[in-house]
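The block underneath contains the structure these notes are about, expressed in structure tokens.
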Amino acid sequence: MALLRVDAGSTEEARDLLRRTCGSTRWVDRMLARRPFETIEALLGAARAEWFALTPADWLQAFADHPRIGDREPLARKFPETHHLASREQVEVADAGEDVLTALAGGNTAYEDKFGFIFIVCATGLDAETMLARLRERLDNDPSTELRIAAEEQAKITALRLAAACQ
């Protein structure tokens with residue numbers, strides 16, 4: 001069995017790798033304390049358990065580490081550590097028409113105004129129209145429900161990033 005990258009490196013290398021998968025400092029610290037994981041299953045199980053053991057403030061810190069869906073400002077400038085990941089996750093947005101991008105921008109603003117954090121969705125495999133539909137649907141949620149949904153979406157994003165980065 002091959003050693004997971006997160007287990008093989010130094011603590012600082014593991015911290016850097018984990019930090020690129022999730023922007024919560026407390027989550028990274030808690031994951032480091034659980035090393036070694038030995039298997040991808042153990043890693044992903046620990047990641048989920050530690051994520052949902054965090055506070056909403058920790059979740060918000062991780063959310064702030066993401067670009068807005070459909071953001072036209074170059075990702076590399078705003079998010080130098082994770083832009084390559086977000087670019088791959090949002091690949092379908094690149095082909096979206098101007099009308100959809102404009103609607104996403106307006107929806108992002110309405111969402112942030114209502115909930116106080118950016119719209120988080122696991123964008124992998126979703127086209128821009130689907131993301132826009134989900135954004136619009138979720139605008140009807142109450143803040144508590146929406147925070148929980150966003151936390152679940154972040155957990156999915158983190159799992160995908162970990163699986164790609166740690167093997």
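Going by what's in this entry, would Glu152 be described as charged (D, E, K, R) and either farther than 30 Å from Leu4 by Cα or at pLDDT below 95 (or both)? Let's see the steps before the verdict.
Details: charged (D, E, K, R): yes; either farther than 30 Å from Leu4 by Cα or at pLDDT below 95 (or both): no.
No: the conditions fail for Glu152.
Could you tell me how many of the residues in region 48-69 are free of Cβ contacts under 8 Å to residues at least 24 places away in the same chain and either part of a helix (DSSP H, G or I) or in contact with a Gly (Cβ under 7 Å, 6 or more places away or on another chain) (or both)?
3
Just give me the residues in region 59-104 being closer than 20 Å to Asp16 by Cβ and modelled with pLDDT of 70 or more, in sequence order.
Once the filter is applied, which keeps residues that are closer than 20 Å to Asp16 by Cβ and modelled with pLDDT of 70 or more, region 59-104 yields Gln61, Ala62, Ala64, Asp65, His66, Pro67.
What tally of residues in region 1-38 results from selecting those that are at pLDDT 95 or above, exposed (fewer than 13 other Cβ atoms within 10 Å of the Cβ) and either closer than 19 Å to Ala164 by Cβ or among the aliphatic types (A, V, I, L, M) (or both)?
Summing the residues that are at pLDDT 95 or above, exposed (fewer than 13 other Cβ atoms within 10 Å of the Cβ) and either closer than 19 Å to Ala164 by Cβ or among the aliphatic types (A, V, I, L, M) (or both) in region 1-38 gives 2.
Out of the residues in region 133-167 that are over 30 Å from Glu38 (Cβ atoms) and in contact (Cβ under 8 Å) with a residue 60 or more places away in the chain, which is surrounded by the most Cβ atoms within 10 Å (Cβ to Cβ)?
It comes out as Ala150.
The values are calculated or read from the model by the stated rules, or taken from the named source; none is laboratory data. The model shown is predicted, which means the values in this text are computed figures rather than measured ones. Ideal geometry is used to build each Cβ from the backbone, glycine not excepted, and the neighbour counts take in all protein chains shown.
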